[in-house]
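Some notes on the structure that comes next.
Just so it is clear, none of the values below were taken in a lab; they were calculated from the coordinates. Fair warning: this is a prediction, and the values are worked out from it, not measured in the lab. Note: ideal-geometry Cβ built from the backbone for every residue, glycine included; neighbour counts use all protein chains shown.
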Amino acid sequence: MEILQYELKVEGKQSIFMPAQAKVLTVQMRHEKPCIWVEVNPEYAPEFRIFETFYAGQKMIEDMGVERKYIGTYQINDGVTCHVYERK
């Protein structure tokens, strides 16, 4: 097992390529950029995972049939609060 770090966009949706069955541990700021830390087994085949970031107070799009799992919250330098979800 390894713990890897992936940078996140400050807003919107993004796909991240990581080993299957990876477990997201936390989201935090690092060097003024939002990142997630993920526990992975590097022997597993890679897959795309989709993450979304929403500002506090921003309306979340209600996509038909899409489930989201809350990952965590971080604040960027100007005090804006962002919430990260993974699409399931």
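Note on the chain: Cα-only Rg and Dmax are 13.2, 40 Å.
Paramagnetic label reach from VAL80 (point 7 Å along Cα→Cβ; backbone nitrogen cut-off under 14 Å): within the stretch 33-51, residues 33-34. Subtracting the Cα-Cα distance of GLN5 and THR73 from 0.36 nm times their residue separation leaves 22.9 nm of extension gain.
Amide H contacts under 5 Å for ILE71: VAL84, TYR85, GLU86, restricted to partners 5 or more places along the chain or on a different chain, H placed in the peptide plane at 1.01 Å from N.
Along the stretch 76-88 the Karplus relation, 6.51 cos²θ - 1.76 cosθ + 1.60 evaluated at θ = phi - 60°, assigns HN-Hα couplings of 8, 3, 7, x, 6, 9, 10, 10, 10, 10, 10, 6, 9 Hz to successive residues, with x for each Gly and Pro. Tell me which trypsin sites (Lys or Arg not before Pro) from the stretch 1-87 have a DSSP coil assignment and no more than 10 other beta carbons within 10 Å of their own. Within the stretch 1-87, the qualifying trypsin sites (Lys or Arg not before Pro) (loop, at most 10 other Cβ atoms within 10 Å) are LYS59.
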